[in-house]
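First comes the structure, then the notes that go with it.
The values are calculated or read from the model by the stated rules, or taken from the named source; none is laboratory data. Note that the structure is a prediction, hence the values are computed from the model and not measured. Cβ: placed from backbone, ideal geometry, glycine included. Neighbour counts: every protein chain shown. Ligands, DNA and RNA are stripped out before the accessible areas are found, and what is left, the full protein with its side chains, is counted by its heavy atoms. Shrake-Rupley method; radii C 1.70, N 1.55, O 1.52, S 1.80 Å.
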Amino acid sequence: MFFAVIFLLACCTNPQRVPNRSPPASDFYLFASRRTPRRRRRATGRTLLKKYLFANSGPFATFESSDDMMSTNQPLKRQSLADEVAGRMEQQITRGAYKPGDQLPTEPELMQHFGVGRSSIREAVKILVNRGMVKVQQGVGMFIITTEPKESLSNKLMGAHYQDLNEVRLLLEVKIAEKAAIHRNAKDLSKMKVYLKDRARFAKANNKEETIQADINFHTAIAEASGNPILIDLYKTIATHMKQSFMDRYKDTSSFLSSQDLHEGLLESITDKDPARALIMATKISTHSK
């Protein structure tokens, strides 16, 4: 490594030392072409040397966009730039740099401070807004609401009791069934039929994990047919946390087998676009053990 660097430095300052032969397919000989002016050869050589040193220096990275050019001592990771900026902004807020009601610096000031682009700053602000720490007033600026971030819904669900989580799930399933009967299309019905068949097949084979997953897929397909993006996201979030609870609660698939007819009735009511009956069937399912 040391001798390679010395050789390249020598080539950058004195290109005549490069062997007089056809250059191989390597970037480190391209700058020595005699067709290139000496001044340009030296600049090209130095550029290639920098690329070589960065590529072989382990933790260093080559930055290609303005967002990658960090002005701080601790470079931000490119793959999660907005998260990194949001994290640092949150640290400043929680450590008392700002109080509730204070206005944050403007976007250009934040861009200069963090050394990132406008899109990264805006995404970072959205993250803080979702955490309940910042509000944005169009044409006025960004203001601090609280210095304590709110616990995310995902974290709350992780620590929730089964009864509380299941109650929310059942309430959602009843409402999405009613709306799905109104808004469903042929594609929605096809997915429901596939998942319901999977549910029955895996339940008969006493494959508990696959049965639970098929049941979740069936109700998620109903949620997607409801046409309400908030209901869809809520149900998917709840269902993700319910799967492990079901795995712990049910020893076999007998309960899923006994409720298969109710699920068939629910699908039939959605197919017939009968929201009143869909609501009734979903309610019966919710009062069944599964």
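Among the GluC sites (Glu not before Pro) in the stretch 88-152, which ones are in a DSSP loop with at most 13 other Cβ atoms within 10 Å of the Cβ? Mind listing them? Can you show the working numbers first?
On the way: sites: Glu90, Glu109, Glu123, Glu151; in loops: Glu151.
Those that pass, being in a loop and sparsely packed, are Glu151.
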Cα-centre dipole for the stretch 210-290 with unit charges at Cβ (Lys and Arg positive, Asp and Glu negative), debye to 20
260
Under a point spin-label approximation (7 Å from Cα along Cα-to-Cβ), what is the Thr271-Asn130 distance to one decimal in nm?
3.8
If you count, for each residue, the other Cβ atoms within 10 Å and average over each peptide, how do 189-201, 212-224 line up from highest to lowest?
212-224, 189-201
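Counting only protein heavy atoms and a 1.4 Å probe, tell me what percentage of the stretch 128-228's accessible area is made up of carbon and sulfur. Present the calculation step by step, with values, prior to reporting the outcome.
Numbers: 2710 of 5440 Å².
Exposed carbon and sulfur together represent 50 percent of the surface.
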Taking the convex hull of Cα positions in the stretch 103-151, its mean projected area over all directions (nm²):
3.4
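Write down, largest first, the equivalent ellipsoid semi-axes of the stretch 130-281 in whole Å, where each equals the square root of 5 times an eigenvalue of the alpha-carbon gyration tensor. Present the calculation step by step, with values, prior to reporting the outcome.
Values: eigenvalues 222, 88, 27 Å².
Equivalent ellipsoid semi-axes, largest first: 33, 21, 12 Å.
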Find how much the distance from Arg118 to Lys251 grows on full extension, using 0.36 nm per residue of separation minus their present alpha carbon separation; answer in nm with one decimal.
42.6 nm
Extreme residue, positive dipole direction of the stretch 225-290, given options Met281, Ala225, Tyr250 (C-beta unit charges):
Tyr250
So the pair-distance distribution of the stretch 92-202, from every Cα-Cα distance in 5 Å bins, comes to percents of 2, 9, 12, 13, 11, 9, 9, 10, 10, 8, 5, 1
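What does the charge dipole of the stretch 161-247 about its Cα centre add up to, to the nearest 20 debye, if the Cβ of each Lys and Arg holds +1 and the Cβ of each Asp and Glu holds -1?
Details: 14 positive and 11 negative charges, 79 e Å.
Once rounded to the nearest 20, the dipole reads 380 debye.
What FRET efficiency comes out for Lys150 versus Leu171 if R0 is 22 angstrom and r is the Cβ-Cβ distance? Round to the nearest 0.05. Numbers along the way, then the final one.
Numbers: r = 22 Å, r/R0 = 1.01.
Calculated transfer efficiency: 0.50.
Any chance you could run the full-extension gain for Lys236 through Thr287? It's 0.36 nm times the residue separation minus the Cα-Cα distance, nm to one decimal. Please report the intermediate quantities before stating the final value.
Working: separation 51, 0.36 × 51 = 18.36 nm, distance 2.08 nm.
Fully extending the segment from Lys236 to Thr287 adds 16.3 nm.
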Lys251: which aspartates and glutamates have alpha carbons under 12 Å from its alpha carbon, excluding same-chain residues fewer than 8 sequence positions away?
Glu209
Residue farthest toward the positive end of the dipole of the stretch 160-224, with Cβ of Lys/Arg at +1 and Asp/Glu at -1: which of Ala200, Ile212, Leu171?
Ala200
Dipole magnitude (debye, nearest 20) for the stretch 84-180, charges at Cβ of Lys, Arg, Asp, Glu:
120
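May I ask you to give the solvent-accessible area per residue for the stretch 177-290, in square angstrom, as obtained with a 1.4 angstrom probe? Don't jump to the answer; show the numbers that get you there.
Numbers: 5580 Å² over 114 residues.
I get 49 Å² per residue for this part.
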Can you list the aspartates and glutamates whose alpha carbon is less than 16 Å from that of Lys99, not counting same-chain residues fewer than 8 positions off?
Glu90, Glu148
Just flag the trypsin sites (Lys or Arg not before Pro) in the stretch 227-259 sitting in loop per DSSP whose Cβ has no more than 11 other Cβ atoms within 10 Å.
Lys251
